[in-house]
Structures are given as C-alpha cells and as structure tokens.
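Read the structure below first, then the notes.
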Amino acid sequence: MKVDLDYLQEWRQFSNGTTAHGVKLSTTIKNIFRTIINLC
C-alpha cells in the first residue's frame with residue numbers, strides 16, 4: 001500500500017500551523033495510518 005506523500009505533507013504543514021491540540025490530533029492520525037499500513 002502506497003501512502004500519498006502529498007497528503008501526509010499537507011498534514012505536516014497543518015500540524016505546524018496549529019496548537020498543541022492540533023499537533024496531537026495529527027500525531028494520532030499518523031499512528032492510525034501506520035496501523036492501517038501494517039494491516040495491509
């Protein structure tokens with residue numbers, strides 16, 4: 001399974017421009033992505 005790098009980069013930029021809560025949310029989503037990749 002190939003992850004859309006542009007999508008991840010958008011999330012990285014989004015997390016850089018948000019509060020700590022936003023960064024925490026972004027990290028959670030990254031962990032979900034990692035879990036999905038491991039399941040595939």
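Beta carbons closer than 7 Å, at least 6 apart along the sequence or on distinct chains, pair a first residue in the stretch 23-39 that is under 19 Å from Gln13 (Cα atoms) with a second that is outside any helix (DSSP H, G or I) and of a type outside the set (Phe, Trp, Tyr) for Phe33/Val3. All conditions but one from (1) modelled with pLDDT of 75 or more; (2) loosely packed, with under 11 Cβ neighbours inside 10 Å apply to His21; the one that does not is (1).
The values are calculated or read from the model by the stated rules, or taken from the named source; none is laboratory data. These figures come from a predicted structure and were not determined experimentally. Cβ coordinates were reconstructed from backbone atoms using ideal geometry, including for glycine residues, and neighbour counts include every protein chain displayed.
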